[in-house]
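Take a look at the structure below.
The values are calculated or read from the model by the stated rules, or taken from the named source; none is laboratory data. For clarity, every value in this text was computed on a predicted model and none was experimentally measured. Note: ideal-geometry Cβ built from the backbone for every residue, glycine included; neighbour counts use all protein chains shown. Just so you know, the surface numbers come from the protein's heavy atoms only, side chains and all, with ligands and any DNA or RNA stripped out. Shrake-Rupley method; radii C 1.70, N 1.55, O 1.52, S 1.80 Å.
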Amino acid sequence: MRIAFLLSSLWLSGGVRVVVEYANHLARRGHRVVLATPGGTLDPDMERELEPGVSISQSRVARETRSGRDPGAMVSLAWSLAQAVPPSDVVVSTHTPTTVAGFLAGRVQRKGRLIWLYQDYEEMFLGRPAERWLLHHALRWHDAALVVSAYSREELLRFSPGNVEVVGEGLSHAELFRPLPAGSRPRSDGTQTILCLGDMRPRKGLSDFLPAAPLVYRQRPDIRLQIVSKAPCDIETPVPHEFIYRPDRAGLARLYATCDVFVLASWWESFGLPPLEAMACGAPVVLTDSRGVREYAQPGENCLLVPIRRPQALAAAILRVLDDPALQNRLRCQGPLTAARFDWPSAADRFEAALRRVVERADGPGRER
């Protein structure tokens with residue numbers, strides 16, 4: 001098959017990583033894969049992750065930061081992005097704003113059948129009426145939507161009827177994300193390390209973790225924080241801490257494997273991959289009920305789950321893990337078993353099969369390509 005993915009950017013993000021994984025697996029299986037992106041949005045780190053069989057086609061119109069708020073700029077960019085799409089069997093929208101380019105490429109320019117890889121959530125577009133309209137209506141012009149969690153399927157079907165299938169996602173570089181061999185864990189100096197991943201966007205939860213940390217520190221002055229982010233952050237906290245900017249995969253895996261507690265305090269996620277990576281490395285995990293994590297979170301078995309936007313509840317859960325060795329051990333043992341159920345070859349199988357069904361329906365009697 002000839003498969004074109006429409007991206008808002010090729011900048012580092014969880015959603016882009018999912019697209020890159022699907023693209024790489026499809027290319028390995030002999031499909032011709034193109035990533036169509038706005039001009040000026042290539043992240044060298046993400047570009048290096050692409051397999052040789054995946055090509056990039058950039059639009060002539062560059063993405064501007066205002067284009068996501070200005071309907072005129074969004075339409076101009078969408079038209080240019082649609083023109084960057086080569087004739088394909090399937091065109092895949094990967095972010096709600098790209099559904100406009102998908103409509104133009106698939107329905108107007110007739111470059112291929114339309115799939116929506118839905119990885120968003122409604123709150124992502126608060127205060128953005130154009131994107132919210134797309135969120136509620138774009139499924140109508142797609143042949144199918146593929147989602148990464150059961151919650152995402154329920155959400156999308158609340159907006160409009162359509163063919164929505166859960167394909168999920170997997171654990172990238174699983175050979176790195178694993179517990180340290182027995183006896184190789186660094187000798188403790190008595191300090192307990194709390195690892196948190198996030199950024200300064202409120203919905204990513206760092207603004208809840210930072211007030212939670214001093215509550216833990218008052219009872220456990222032996223803690224230190226490690227805060228990981230893909231973006232610069234302004235960290236203000238009385239708790240001893242280290243800020244780690246964009247570690248590579250191996251470095252991130254080691255941080256997971258050597259921490260005493262991993263925390264993700266995000267408000268909303270369509271899936272939420274970092275907790276699953278941490279589980280794979282044997283880290284005790286505390287996370288918020290951001291909905292998509294329900295795909296793998298089993299409270300009390302492989303994690304502790306707390307309500308979103310509740311720093312006190314977050315602090316209480318962290319203290320519970322630090323103070324209960326039996327709970328720590330159970331979470332460390334169950335996490336890798338959970339993560340082992342999420343692999344990319346299986347997700348790619350489901351994704352590829354869904355694309356084939358759409359193409360085969362298009363090739364049926366009385367149907368146009």
May I ask you to verify whether L157 is open to solvent by 10 Å² or more (accessible area, probe 1.4 Å), assigned to a helix (DSSP H, G or I), modelled with pLDDT of 95 or more and in contact with a strand residue (DSSP E or B) (Cβ under 6 Å, 6 or more places away or on another chain)?
yes
Considering only region 184-242, state which residues are open to solvent by 80 Å² or more (accessible area, probe 1.4 Å), of a type outside the set (S, T, N, Q) and in contact (Cβ under 8 Å) with a residue 40 or more places away in the chain.
R185
Qualifying positions in region 122-136 - touching a residue at least 60 places away in the same chain (Cβ under 8 Å), open to solvent by 10 Å² or more (accessible area, probe 1.4 Å) and either closer than 20 Å to V91 by Cα or part of a loop (DSSP other than H, G, I, E, B) (or both)
R128
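Of A78, A73, which residue is at pLDDT below 95, in contact with an Asp or Glu (Cβ under 7 Å, 6 or more places away or on another chain) and either under 13 Å from S8 (Cα atoms) or not in a strand (DSSP E or B) (or both)?
A73
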Please go through region 8-38 and pick out each residue that is open to solvent by less than 10 Å² (accessible area, probe 1.4 Å) and in a strand (DSSP E or B).
L10, V33, L35, A36, T37, P38
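Within region 107-119, is even one residue part of a loop (DSSP other than H, G, I, E, B), open to solvent by 10 Å² or more (accessible area, probe 1.4 Å) and under 23 Å from L273 (Cβ atoms)? Break it down stepwise before answering.
Looking only at region 107-119, we keep the residues that are part of a loop (DSSP other than H, G, I, E, B), and these are 109-112, 119.
Filter again for open to solvent by 10 Å² or more (accessible area, probe 1.4 Å), leaving 109-112, 119.
Those left that are additionally under 23 Å from L273 (Cβ atoms): 119.
Taking every residue of region 107-119 in turn, at least one turns out to be part of a loop (DSSP other than H, G, I, E, B), open to solvent by 10 Å² or more (accessible area, probe 1.4 Å) and under 23 Å from L273 (Cβ atoms).
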Residue selected from region 167-207 under the condition in contact with a Ser or Thr (Cβ under 8 Å, 6 or more places away or on another chain) and in a strand (DSSP E or B), by the criterion nearest to S290 (Cα to Cα):
L197
Search result, residues across region 309-342 that are under 17 Å from L215 (Cα atoms) and either open to solvent by 30 Å² or more (accessible area, probe 1.4 Å) or in a strand (DSSP E or B) (or both)
R309, R310, P311, Q312, A316, R320, D323
Identify, by number, the condition in (1) open to solvent by 40 Å² or more (accessible area, probe 1.4 Å); (2) in contact (Cβ under 8 Å) with a residue 24 or more places away in the chain; (3) touching an Asp or Glu at 6+ places or on another chain (Cβ under 8 Å); (4) not aromatic (F, W, Y) that R356 doesn't meet.
(3)
